[in-house]
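Only one structure is covered here, and it is reproduced in the block below.
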Amino acid sequence: MKKMALILAGGVILLSATQWQEKLLTDDPQHYYVLPSMVLDDEGYVHILYLEMFEDWEVDTVAFWLKVSSNETGRWISKEITRLSESFYWNLDLEMQIPYSIDVDSKGNTYVAYFDFVGEEETRLFFATDSGGEFIVDTLIENDNWQVFPMLEIDNQDNVKLVYIEAVMVDEEPAEINLCYGRFDGGFFYTEDIWELGVDFEGYPMDMALGLSGFPNVFYTNEDYKLSRVYRGSSGWQSEGLTKTTEGYMPSACLGPGGDLYLTYITDVEVADIFFMREEGSVWQGELVADSVDFDWYLSSSLSFNPDGIPYLVWSSADEDWYYDIHMAARCDTGWVLEQVTTTPIADELFGTGHCFTIDSAGYGHMTYMCIGDYSETAQLMYAKTTEPLEPEEVIAENHIQPNPVGLSVRNGHVHFSLPGAGRVSIDAFDACGRRVKHVLSGFYDAGEHQSPLELSGIPNGVYFIRLQTEEHSARAKFVISR
């Protein structure tokens, strides 16, 4: 690793190089290991979903296995979920939406949703869990439509939520393409169409994040190549455009420490700018993270927050010799600071189009990626963890952010806040994963200083955030419960 000085919006920012401890998870030169997607369980153990590929054209043989690798036993163990069809191989596009999704419940059970071909011309949606030890696979939907690209997430009550695309086929062509939402209730899987994407939908990678309501927010590239969101509003499922003048691709979304939605996206599929967006009330605010980044293929960025509420994102991009390396950016009060994570010569370090980076509750960064040798002779799976909690260090910076007119803090068992003007106020408390743990207050308050008792009985020790929301402003503050 090396320190890098970057010119960013007129200010020079220096980020101390983060140290990562890497581990090679696979080492079979006859097989390819691609498209990893990662999740941490509540104990901080890592679960990586990936594809294992084997090709032998001398005997005309190809094979695909869907597997999960985890360190939950103290050492890395891989479990096979299923062998995928040969039609899956011929239809797989490594640059498009990842064909599967993974999450883990509070008991450590792993859940996987994926699609596969049944015959040569039909697809099915499948669901697998290892709650009984080994993975058991069930078919979720059986009809004449195509179901593809599932996105799975488990809420804080261990309810499985699923979003996927369904194409209504007529004469082997899509007559209608819909975004669908599915959930389990009483052992049955219920599904509904939530938005019509249109037959011109091109299938660029999407992402989803569960909101505080428990319903999914789905981010996707529409037929005009603009970034859009589908969400559950007061009057049902709705859609809104997020990028008005620029194109938007490859969103990575998550629920932040204060309960707001955040995402990153890029503006092109070759040389692109990377943007960061956050939802404040009903308004989306965006800002530039990095410009003129060479992507070309394997487009991906992943977003996560450290325990102090600082957003980090990582992505793969090409250097001047067209070898791909991993880069990272962190948001400080004075702007974004950037760092190059990998610098391996004559090899590519690449993310897929899934979630490949996250930060645990102690602040350590985790990522998984493909390491592809020169001329694509092999593709192996890597895992890396920071040796210290992520905490950006900037030494020179300009272009300071305007101060927030709303003040917010937690002191001596009370919430203290100040308002620049009168208006309605709502305050909630969240854990480090963005889950609301307590509604503190709501009502109309005059301008000036205010305080209110904060009742914390029944809430376990740990790091928490409090969020204040008015019609025009929002503020967040961290506090720690330690008894």
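The values are calculated or read from the model by the stated rules, or taken from the named source; none is laboratory data. Please read all numbers here as calculations on a predicted model, not as lab measurements. So basically every Cβ, Gly included, is an ideal-geometry build from the backbone, and we count neighbours across all protein chains shown.
Scanning region 326-352 for residues that are of a type in the set (D, E, K, R) and surrounded by fewer than 18 Cβ atoms within 10 Å (Cβ to Cβ) yields a count of 1. For region 100-117, indicate whether the set of residues that are surrounded by fewer than 20 Cβ atoms within 10 Å (Cβ to Cβ), touching a Ser or Thr at 6+ places or on another chain (Cβ under 7 Å) and not acidic (Asp, Glu) is non-empty. Within region 100-117, one or more residues are surrounded by fewer than 20 Cβ atoms within 10 Å (Cβ to Cβ), touching a Ser or Thr at 6+ places or on another chain (Cβ under 7 Å) and not acidic (Asp, Glu). Inside region 387-427, residues that are within 30 Å of TYR364 (Cβ to Cβ), modelled with pLDDT of 90 or more and either of a type in the set (Gly, Ala, Ser) or exposed (fewer than 13 other Cβ atoms within 10 Å of the Cβ) (or both) make up a count of 2. Residues in region 452-470 that are under 28 Å from the mean Cα position of the chain (by Cα) and in a loop (DSSP other than H, G, I, E, B): ILE459, PRO460, ASN461, THR470.
Looking across region 118-154, the residues that are more than 24 Å from HIS355 (Cα to Cα) and of a type in the set (Gly, Ala, Ser) come down to GLY119, GLY132, GLY133. A Cβ distance below 8 Å, combined with a sequence gap of six or more or placement on separate chains, defines the contacts here; from region 181-197, residues that are over 15 Å from ALA113 (Cβ atoms) and touching a residue at least 24 places away in the same chain (Cβ under 8 Å) reach residues that are surrounded by 15 or more Cβ atoms within 10 Å (Cβ to Cβ) and polar (S, T, N, Q) in the pairs ASP193/ASN178; ILE194/ASN178; TRP195/ASN178; TRP195/SER239; LEU197/ASN178; LEU197/ASN222.
Being within 25 Å of PRO150 (Cα to Cα), within 19 Å of the chain's Cα centre (by Cα) and crowded, with 20+ Cβ neighbours inside 10 Å is the requirement here; does VAL230 meet it?
yes
Inspection of region 1-18 identifies no residue that is assigned to a strand (DSSP E or B), within 26 Å of ARG124 (Cβ to Cβ) and either assigned by TED's automatic domain parsing to the domain that holds VAL289 or modelled with pLDDT of 80 or more (or both).
Of everything in region 80-138 that is assigned to a loop (DSSP other than H, G, I, E, B) and in contact with an Asp or Glu (Cβ under 6 Å, 6 or more places away or on another chain), the residue that is nearest to ASP207 (Cα to Cα) is ASP105.
Would you check if THR264 is of a type in the set (Val, Ile, Thr), out of contact with any Gly (no Cβ under 9 Å at 6 or more places or on another chain) and free of Cβ contacts under 8 Å to residues at least 60 places away in the same chain? So THR264 passes the test. Scanning region 346-363 for residues that are touching a Phe, Trp or Tyr at 6+ places or on another chain (Cβ under 7 Å), part of a loop (DSSP other than H, G, I, E, B) and among the β-branched types (Val, Ile, Thr) yields one hit, ILE346. If the condition is being more than 20 Å from the chain's Cα centre (by Cα) and at pLDDT 80 or above, then region 314-328 contributes only TYR324. Any residue in region 397-420 that's at positive phi: show its pairings with residues that are modelled with pLDDT of 90 or more at Cβ separation under 7 Å, as long as the two are six or more apart or on different chains. Pairs found: GLY413/PRO453; GLY413/LEU454. Check region 242-254 and report whether any residue there is without any contact (Cβ under 8 Å) to a residue 40 or more places away in the chain, buried (at least 23 other Cβ atoms within 10 Å of the Cβ) and touching a strand residue (DSSP E or B) at 6+ places or on another chain (Cβ under 6 Å). Yes: one or more hits.
Table: residues versus (1) surrounded by 11 or more Cβ atoms within 10 Å (Cβ to Cβ); (2) free of Cβ contacts under 8 Å to residues at least 60 places away in the same chain.
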site: VAL437; (1), (2): yes, yes
site: GLY443; (1), (2): no, yes
site: ILE459; (1), (2): yes, yes
site: TYR464; (1), (2): yes, yes
site: ARG467; (1), (2): yes, no
site: THR470; (1), (2): yes, no
site: SER474; (1), (2): yes, no
